[in-house]
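Taking it in order: structure first as structure tokens, then the write-up.
The values are calculated or read from the model by the stated rules, or taken from the named source; none is laboratory data. All figures in this text were calculated on a predicted structure; none of them were measured in a lab. We place every Cβ from the backbone using ideal geometry, glycine too, and count neighbours over all the protein chains shown. Note: areas computed on protein heavy atoms with side chains; ligands, DNA, RNA excluded. Shrake-Rupley method; radii C 1.70, N 1.55, O 1.52, S 1.80 Å.
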Amino acid sequence: MTIKTYREAIIEAMILEMKRDEKVFVIGEDISGGRGCDDFDGEAAGGPMGLTQGLWDEFGAQRVIDTPISETAIMGAAAGAALSGLRPIAELMFSDFFGVCFDQIYNQAAKFRFMYGDQGATPLVIRTMIGAGIGCGPQHSQSPYSIFANIPGLKVVTPSNPYDAKGLLISSIRDNDPVIFCEHKALLGMDGEVPDESYEVPLGKGKILKEGNDISIVAIGQMVGVVQNCIKNLEKKGISAEIIDPRSLSPFDDEMVYDSVEKTGRLLVLDESNPVCSFGSWITSMVSEEVFSSLKAPTKVLTPPHCPVPAAPNLEAAYLPDVETIISASENLKNYT
Amino acid sequence: MQLSKDKLLDAYTRMKKIRVFEETMRDEFAKGTVPAFIHLYIGQEAIASGICIELNDNDTIASTHRGHGHCLAKNSDLERMTMEIFCRADGLCEGKGGSMHIADLSVGMLGANAIVGANAPIAVGAALRQRVMGENLVSAAFIGDGASNQGAVFEAMNLASVLKLPVLFVFENNGYAEFTGVDYHCGGGDIAGRAEGFGMPSYKLDGSDFFAVQEAAAEAVERARRGDGPSAIECYAKRWYGHFEGDPQHYRTKEELEAIRKDSDPLKIFRQKVEEAGLVESGDLDAIDKDLLSQVTNAVEKAKNSPLPNVEELTTNVYEKGSY
């Protein structure tokens, strides 16, 4: 077992899959350091966040394809390539840019299998950075995964740690449907144990990070780390929390959440998306429909407020749910009568 | 280059099949048997046929909402295509696509597309097989004059040019973007010229003339297969009917419509050329006419009598079976 960063885990997954299957290729902006030309002999930078570092040197310009800044063309070309038998990994540098290319994602790639009567698969992975926390401001910090999860035909994955990032990306590349792979920018430098060999973390299977009896806390993406920092404080207050990382939102491991809520009777969801029609609100809605009689308290979702992500560090800190808010919400649920 | 007799008969068959099919669809639509909208290809038959006759099954096309002609010219299965337009269970898309979303991947027809201009990047994506896998293939996108104003089309042309991909951008300038005239909607008025701005060779030609289209297609396809990148072909043609069936066409005059049918009939122009040059006997063409009429009539009857999809199929094929 080796310690690797979240970023390294992602790169390793791509390298392993590109070695395994010659149909896998990567396409996006600056992914070989902005030097897509064949005669470049320097070290390729691998994108602004280094998420494709080393790929160009290993596989060359045929399979590591730099593009103009043209998200519609990138997503559309990836969709067309997938429909005609290739297995593209398309990089949407920041998920905020989905606004300029969503047609190719939700009207095209997501619908091919259904509207063409299952004639072909669309094995497409869209790797994209989500999340607030590093001061990128309103147009580079959003977490639009609830919007993606709303679309039939798309699968949505939100790894919270290096081990899952590698295994989920390998599963996503091998999957025969379009997958939106949401990489949290605040987690890129996170360390963790990551085996060198290839392994899959299946889509649609959550993970119980800690068992508990008083309250089920479902945390998405970056929120997983935040809630793990709350565990000791919650225990001091006599609250035994069960922590669930769903790992993928679509498909979603609803059974794991139902089983947990049947045991604890209380549900808190930590979700970085906008509150209106958030993925968290969908989880609480399903729980209310399926295991209502187990509930000892109303379900609760903690999200940022309904506003864009601010740039100022103090405002951004206030934007995200923090340890104090989580502890206070947990206490309210535990003490509810 | 002089085409063989077989190729000439093939060309005529493709064009005439489209004509007969679309006229039959028009009748069926008037009778109320066709679900939803249909957009007829009549008047533009030489374009789809002239391009597709230069393509193989391994080559791909990405089509439009006005896609029946592309589908037929690419040799999609006539019966299953007709069933799809009638939204039947045995249609190419199992009834879930309908007229505006027909695809037949078995012959490289990557789908009609009801989002105007969205097919262009998809055609570029299919062409990536040349770069990634070294495959010998060409990919064509059919783009209306209306679609030529979409950002997706510009992005697709630039990407294809930058990556030197084997793509044909086929602009079908039929004079109208839905209801709006090209003289109003197209800044600069020169669609092929825009493509030249992206660094690709372009052609401007009479899209009612099969031979003009086919010659340009042959050159562009050869260039693409050599690895020399994309081309643009702007074909001027006339749309004989409305944007969709039922469109009252208040935006053009009766005189315009009469003149179109008299002067811009791709079938008439083709027949005249090959018969005058003594390349094909008129009897050969008449026999094709007769055969196609019976093929199309049978396909329509069969489609109308075939079952609709089971309601249990409503939620199938959203994802790969067993993966969700």
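The sole residue among A:Ala44, A:Ala77, A:Ala9 that is away from chain B (no Cβ under 14 Å), open to solvent by less than 10 Å² (accessible area, probe 1.4 Å) and at pLDDT 95 or above is A:Ala9.
For A:Val224, the stated conditions hold: it is closer than 25 Å to A:Glu17 by Cβ, in contact with a Leu (Cβ under 8 Å, 6 or more places away or on another chain), in the same structural domain as A:Pro310 (by TED's automatic domain parsing) and of a type outside the set (Lys, Arg).
Evaluation of A:Ile134 against the conditions (1) within 14 Å of the chain's Cα centre (by Cα); (2) closer than 24 Å to A:Ala317 by Cβ shows that the sole unmet condition is (1).
Only a single item in (1) open to solvent by 10 Å² or more (accessible area, probe 1.4 Å); (2) touching a residue at least 24 places away in the same chain (Cβ under 8 Å) is not met by B:Ser49, and it is number (1).
In region A:264-293, which residues are open to solvent by less than 30 Å² (accessible area, probe 1.4 Å) and among the hydroxyl-bearing types (Ser, Thr, Tyr)? Answer for region A:264-293, where residues must be open to solvent by less than 30 Å² (accessible area, probe 1.4 Å) and among the hydroxyl-bearing types (Ser, Thr, Tyr): A:Thr264, A:Ser273, A:Ser278, A:Thr284. Looking across region B:180-214, the residues that are without any contact (Cβ under 8 Å) to a residue 24 or more places away in the chain and either among the polar types (S, T, N, Q) or open to solvent by 60 Å² or more (accessible area, probe 1.4 Å) (or both) come down to B:Asp183, B:Tyr184, B:Gly188, B:Gly197.
Mind listing whichever residues of region B:98-141 are among the β-branched types (Val, Ile, Thr) and more than 9 Å from every other protein chain (Cβ to nearest Cβ)? Answer for region B:98-141, where residues must be among the β-branched types (Val, Ile, Thr) and more than 9 Å from every other protein chain (Cβ to nearest Cβ): B:Val107, B:Val116, B:Val138.
Quick grid of which residues meet (1) touching a helix residue (DSSP H, G or I) at 6+ places or on another chain (Cβ under 6 Å); (2) at pLDDT below 95; (3) farther than 16 Å from B:Phe171 by Cβ; (4) in a loop (DSSP other than H, G, I, E, B):
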{"site": "B:Ile42", "(1), (2), (3), (4)": "yes, no, yes, yes"}
{"site": "B:Ala48", "(1), (2), (3), (4)": "yes, no, no, no"}
{"site": "B:Arg66", "(1), (2), (3), (4)": "no, no, no, yes"}
{"site": "B:Gly91", "(1), (2), (3), (4)": "yes, no, yes, yes"}
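Here region B:81-97 is the region considered, the condition is being open to solvent by 10 Å² or more (accessible area, probe 1.4 Å) and either out of contact with any Pro (no Cβ under 6 Å at 6 or more places or on another chain) or facing another protein chain (nearest Cβ under 8 Å) (or both), and the residue that is farthest from B:Glu178 (Cα to Cα) is B:Asp90.
The set of residues in region B:54-80 being facing another protein chain (nearest Cβ under 10 Å) and either more than 29 Å from B:Leu8 (Cα to Cα) or not polar (S, T, N, Q) (or both) consists of B:Ala62, B:Arg80. Scanning region B:129-145 for residues that are among the aliphatic types (A, V, I, L, M) and within 20 Å of B:Glu219 (Cα to Cα) turns up B:Leu137, B:Val138, B:Ala140, B:Ala141, B:Ile143. Condition check for B:Asn113 on (1) under 25 Å from B:Lys304 (Cβ atoms); (2) buried (at least 22 other Cβ atoms within 10 Å of the Cβ): one failure, at (1). The set of residues from region B:285-324 being among the basic types (Lys, Arg) and away from every other protein chain (no Cβ under 14 Å) comprises B:Lys290, B:Lys302, B:Lys304. Each residue in region A:76-111 was checked for being among the hydroxyl-bearing types (Ser, Thr, Tyr) and within 21 Å of the chain's Cα centre (by Cα), and 2 pass.
Considering region A:80-184, the qualifying strands (runs of 3 or more DSSP E), each wholly inside and each with 1 or more residues that are buried (at least 22 other Cβ atoms within 10 Å of the Cβ) and within 8 Å of another protein chain (Cβ to nearest Cβ), run over A:87-94, A:155-157.
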